[in-house]
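The values are calculated or read from the model by the stated rules, or taken from the named source; none is laboratory data. Bear in mind the structure is a predicted one, so any value in this text is a computation, not a measurement. Counting neighbours? That spans all protein chains shown, and the Cβs are built from the backbone with ideal geometry, glycine included. Areas reflect the complete protein model, heavy atoms only, side chains present, ligands, DNA and RNA absent. Shrake-Rupley method; radii C 1.70, N 1.55, O 1.52, S 1.80 Å.
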Amino acid sequence: MRGEKFAIGIDVGSTAVKLVLISGDRKVAHFAVEPTDPRISEQASRLIREAREKAGEEVPVVATGYGRKLVREKAREVTEISCHARGAFHFLGREGTLIDIGGQDSKVISVGEGGTVLDFVMNDKCAAGTGKFLENAAVRLRLSVEEMGDIAAGTREEVSISSTCTVFAESEIVSLIAQGTDVPSIVRGLHRALVKRVVAMARTLTVAPPVMLSGGVAKNRGIQQILSEEVGLEVLIPEDPQITGAVGAALFGLDT
Ligand code: ADP
């Protein structure tokens, strides 16, 4: 691989660190996804070293995500909003409305020509409407988040979860189980609650089709299905939605 042009994008999220090595012809040559370690600088250095071993010591690094300032090797920082928009446009080639649902935040971005940002809205204050909502519920239900997504997609039965707050939703789960409500309908109801929260945020912008979905939670089949129902539009998802921001960052790296 050495001798070719490459760039590294690293997206240091609150839940997961994503690194992408991209070649001059804009193909993903290598990527890594790991849970975020409290020693972020060391973790980022190790991942960057591994990528540079493949492509060369001088490969530039663009950092994004909430921990981007802690990436010592960065040549440049770019906001998550710009990186997600650019990454989604790279994979899907469409302007429209991008919904990104991460571990502890969610954002809605109006994507314009070439993957530029026309407008955006973000929630990083409340766990409802983020992956954390399903992670907490999964613990209560003794399921993995992956299982939750498949259960939600595999049933049509559903109870309405009235609590928008993550903490109250957990108590609601406990009382629904005590009343004998079956788990799949609780799980689907939880997915609906998360999606409704995000869609309400999206509706504060003009939701121009198509709707695109990125972030780790975009891998959840239940979320994909219910989002499409709630917006009444087709939902497009990049091949690996969790690395969208890192790909965007790497593409900014190729510009430099
Ligand atoms: P951040 O950038 O905020 O760290 P990510 O976009 O990396 O977040 O997404 C992390 C979230 O994605 C977590 O809440 C995690 O539970 C969820 N997630 C990751 N993989 C899956 C999967 N296969 N199914 C459902 N949820 C997933």
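Annotations for the structure displayed:
- Matching strands (runs of 3 or more DSSP E) fully within region 11-80 where at least 2 residues are away from the ligand (no atom under 16 Å from the Cβ): 16-23, 28-35
- Selection status of Lys69, surrounded by fewer than 17 Cβ atoms within 10 Å (Cβ to Cβ), without any contact (Cβ under 8 Å) to a residue 24 or more places away in the chain and in contact with a strand residue (DSSP E or B) (Cβ under 9 Å, 6 or more places away or on another chain): yes
- Per the conditions (1) near the ligand (Cβ under 10 Å from one of its atoms); (2) in contact with a strand residue (DSSP E or B) (Cβ under 7 Å, 6 or more places away or on another chain); (3) small (Gly, Ala, Ser), the sole criterion not satisfied by Ala88 is (1).
- Qualifying residue in region 141-152 (condition: under 25 Å from Gly65 (Cα atoms), open to solvent by 70 Å² or more (accessible area, probe 1.4 Å) and either free of Cβ contacts under 8 Å to residues at least 60 places away in the same chain or not in a loop (DSSP other than H, G, I, E, B) (or both)): yes
- Looking across Ala127, Ala137, one residue alone is within 17 Å of Ile173 (Cα to Cα), part of a helix (DSSP H, G or I) and of a type outside the set (S, T, N, Q). It is Ala137.
- Selection from region 203-223 of residues that are closer than 11 Å to Ile99 by Cα and in a helix (DSSP H, G or I): Val217, Ala218
- The one condition in (1) over 21 Å from Leu98 (Cα atoms); (2) of a type outside the set (A, V, I, L, M); (3) at pLDDT below 95; (4) surrounded by fewer than 17 Cβ atoms within 10 Å (Cβ to Cβ) that Glu172 fails to fulfil: (4)
- So Ala137, is it touching a Ser or Thr at 6+ places or on another chain (Cβ under 6 Å) and in contact (Cβ under 8 Å) with a residue 24 or more places away in the chain: no
- Boolean, Phe6 is more than 12 Å from the ligand (Cβ to nearest atom), within 16 Å of the chain's Cα centre (by Cα) and either open to solvent by 40 Å² or more (accessible area, probe 1.4 Å) or under 14 Å from Ala249 (Cα atoms) (or both): no
- Of residues in region 219-240 being surrounded by fewer than 24 Cβ atoms within 10 Å (Cβ to Cβ) and under 24 Å from Phe31 (Cα atoms), the one nearest to the ligand (Cβ to nearest atom): Lys219
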